[in-house]
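The values are calculated or read from the model by the stated rules, or taken from the named source; none is laboratory data. What you see is a predicted model, and the numbers here were worked out from it, not measured in a lab. Ideal geometry is used to build each Cβ from the backbone, glycine not excepted, and the neighbour counts take in all protein chains shown.
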Amino acid sequence: MSKTINLSDKFSKEQPSIQIGNTVYPVNAGIQAVLAFQEAATGGLNGILGALKVALGDQAYDEIGVENLSFANIQVLSTGILAAQTGISYDEAAARFRRAGQVGQ
């Protein structure tokens, strides 16, 4: 006879978020959103913008004005979202981006 493993209380119910000013934006940490960030690394700027839209949702994306941000601020936003999605600190996410950039050179 097989044993039933109850996973009901094992799944995380936390919603990661980022804060810009006084506004807190929920971040999509679903596997598709995380994969979008990985694929964005090879998809150029359009890939990054698409990944940000998936992670933030249309309303937050537009409210933040993502398409009008400088490239440096896109990097900051991307780093923060990656940190929120993976449950690591901003500094750790920034270090991962730096290491990935060094490997790609």
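Against the list (1) exposed (fewer than 15 other Cβ atoms within 10 Å of the Cβ); (2) assigned to a helix (DSSP H, G or I); (3) not hydrophobic (A, V, I, L, M, F, W, C), the condition Gly47 fails is (1). What number goes with the only condition from (1) touching a helix residue (DSSP H, G or I) at 6+ places or on another chain (Cβ under 9 Å); (2) part of a helix (DSSP H, G or I) that Arg98 does not pass? All conditions are met except number (1). The numbered conditions (1) surrounded by 10 or more Cβ atoms within 10 Å (Cβ to Cβ); (2) more than 11 Å from the chain's Cα centre (by Cα); (3) of a type outside the set (A, V, I, L, M, F, W, C); (4) at pLDDT 90 or above are all true for Gly101 except (4).
For region 18-44, a residue qualifies if it is exposed (fewer than 15 other Cβ atoms within 10 Å of the Cβ) and outside any loop (DSSP other than H, G, I, E, B), and the qualifying residues are Gln19, Ile20, Thr23, Val24, Pro26, Ile31, Gln32, Leu35, Gln38, Glu39, Gly44.
Among the residues making up region 72-93, a single one is touching a Leu at 6+ places or on another chain (Cβ under 8 Å) and of a type outside the set (A, V, I, L, M): Ser78. Look at (1) under 11 Å from the mean Cα position of the chain (by Cα); (2) at pLDDT below 95; (3) small (Gly, Ala, Ser) and you find that Gly80 fails only one, number (2).
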